[in-house]
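Structure first, commentary second.
The values are calculated or read from the model by the stated rules, or taken from the named source; none is laboratory data. All values derive from a computational prediction rather than experimental measurement. Note that each Cβ is placed from the backbone with ideal geometry, even for glycine, and that neighbours are counted across all protein chains shown.
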Ligand code: BDR
Ligand code: CA
C-alpha cells in the first residue's frame, strides 16, 4: 500500500484526481489532503475538499488548511472563468459548517506526518506549490522522508494556459515552483501537454456516468465547462497526476532538467521548459497511449 499526501486547490480537475484516489483507497493510503488557494480562494477550496470527501470517501481523511496567497505578494490569479465561481463548475456547494480541519497549517501537518512515518511518503501536488515550498524552507531535512513528488505543472515545450508562456499552477506562485523544482526532491512532472492532448467532452462523461452512484453531483461539476486553452472539451490536468500514481505503466518517463523563468520583467515570466536528456535530474511523464489514459480517467472518475 502506497502512503500519499495530496496537496490541491479543488478545482474541477483536482476533484477528479481526488475522486480517483478515493475510489482506490484499497491501493493508496491518503494520509492527508492539504489545501492551497489557486483555482479559487482558500475558503472555497477547503469547503470543496470537505464536500468531495463527504460524498466519495470510504474512509475519512484529515484535511489541513494551507496558503491563501503566494510566498511573496498577494493572490493575483483566479480561475473562476474555467472552474466556476465556487471552484466546482456548476455545483453550488453549501457551506460545510461542521467541517473539521487539523489544527496545524498545511506545511506543519505535512511535516508532522512525514517525520513520524517509518516509511517514505509520496507527495502529489496538483495546485500552486506554496505549501510544499514552505515545508522545504522551514524543514529542509524533511526531503529525506519524501519518496517522490508528483507535480502537475509547467510544460515540456514552454506553452502556457494562463499566459501564452506560463502554466497556471507555476504562474500562481513562480517562486514556490522554482524552489520546489530546485530542491533536490525526486520530481515526476505531469506537464500541461498531457491533458491538452486528450480533452474530455460531455458525451464521453455522460457515457461513463451511466452507473455512477453520484451521477447528479458529477454532472453538475463536470458538464458544460469551458476551457479556453483547448479547442474542444476540457483538459483534466490533475487527473493525469492521479493516473500516473495509480497506473504508472500507462506512461513513459523521461529524464529531464526543469527550467522556470523567474524574471518578473520578462513577458515569459513563469514559463517552464523540460530539457530532456539522459543525465537529467528530474523526470517528466507522458502517456504511452493517450486514449488509454483518458479511458482510465473517465472510468475511475465517473464509472459506477
Ligand atoms: C492546473 O491549473 C489549475 O487550474 C488546474 O486545477 C490544474 O492544476 C492546470 O494548469
Ligand atoms: Ca489544480
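Results for (1) more than 12 Å from ligand 1 (Cβ to nearest atom); (2) at positive phi; (3) part of a helix (DSSP H, G or I), shown as yes or no for each residue.
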site: 132; (1), (2), (3): yes, no, yes
site: 137; (1), (2), (3): yes, no, yes
site: 141; (1), (2), (3): yes, no, yes
site: 155; (1), (2), (3): no, no, no
site: 177; (1), (2), (3): no, no, yes
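Residue 115 fulfils the conditions (1) in contact with a strand residue (DSSP E or B) (Cβ under 8 Å, 6 or more places away or on another chain); (2) in a helix (DSSP H, G or I) except for a single criterion, (1).
Does residue 98 fit the bill of being within 13 Å of ligand 1 (Cβ to nearest atom), over 14 Å from the mean Cα position of the chain (by Cα), assigned to a loop (DSSP other than H, G, I, E, B) and surrounded by fewer than 17 Cβ atoms within 10 Å (Cβ to Cβ)? So residue 98 fails the test. Of all residues in the range 24-61, those satisfying the criterion of being under 21 Å from residue 297 (Cα atoms), within 14 Å of ligand 2 (Cβ to nearest atom) and in contact with a strand residue (DSSP E or B) (Cβ under 8 Å, 6 or more places away or on another chain) are 33, 49. Filtering 158, 153 for residues that are buried (at least 24 other Cβ atoms within 10 Å of the Cβ) and within 30 Å of residue 231 (Cα to Cα) leaves a single hit, 153.
Among the residues of the range 204-222, is any in contact (Cβ under 8 Å) with a residue 40 or more places away in the chain and within 16 Å of ligand 2 (Cβ to nearest atom)? Looking for residues that are in contact (Cβ under 8 Å) with a residue 40 or more places away in the chain and within 16 Å of ligand 2 (Cβ to nearest atom), one finds at least one in the range 204-222, hence yes. Restricted to the range 221-241, and to residues there that are in contact with a strand residue (DSSP E or B) (Cβ under 9 Å, 6 or more places away or on another chain), assigned to a loop (DSSP other than H, G, I, E, B) and at pLDDT 95 or above, the residue that is nearest to residue 11 (Cα to Cα) is 236.
Checked against the criterion of being outside any loop (DSSP other than H, G, I, E, B), within 28 Å of residue 24 (Cβ to Cβ), within 20 Å of the chain's Cα centre (by Cα) and within 14 Å of ligand 1 (Cβ to nearest atom), the range 246-269 has no qualifying residue. Exactly one residue out of 78, 98 is without any contact (Cβ under 8 Å) to a residue 12 or more places away in the chain and farther than 23 Å from residue 245 by Cα, and it is 98. Scanning the range 7-56 for residues that are more than 12 Å from ligand 1 (Cβ to nearest atom) and either buried (at least 24 other Cβ atoms within 10 Å of the Cβ) or outside any loop (DSSP other than H, G, I, E, B) (or both) yields a count of 25.
Okay, residues lined up against (1) within 18 Å of the chain's Cα centre (by Cα); (2) surrounded by 20 or more Cβ atoms within 10 Å (Cβ to Cβ); (3) at pLDDT below 95:
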{"position": "147", "(1), (2), (3)": "yes, no, no"}
{"position": "181", "(1), (2), (3)": "yes, yes, no"}
{"position": "187", "(1), (2), (3)": "yes, yes, no"}
{"position": "194", "(1), (2), (3)": "yes, yes, no"}
{"position": "219", "(1), (2), (3)": "no, no, no"}
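Within the set 89, 66, the sole residue that is at positive phi and either within 11 Å of ligand 2 (Cβ to nearest atom) or assigned to a loop (DSSP other than H, G, I, E, B) (or both) turns out to be 89.
With respect to being within 13 Å of residue 245 (Cβ to Cβ), touching a strand residue (DSSP E or B) at 6+ places or on another chain (Cβ under 9 Å) and more than 10 Å from ligand 2 (Cβ to nearest atom), residue 21 fits the description.
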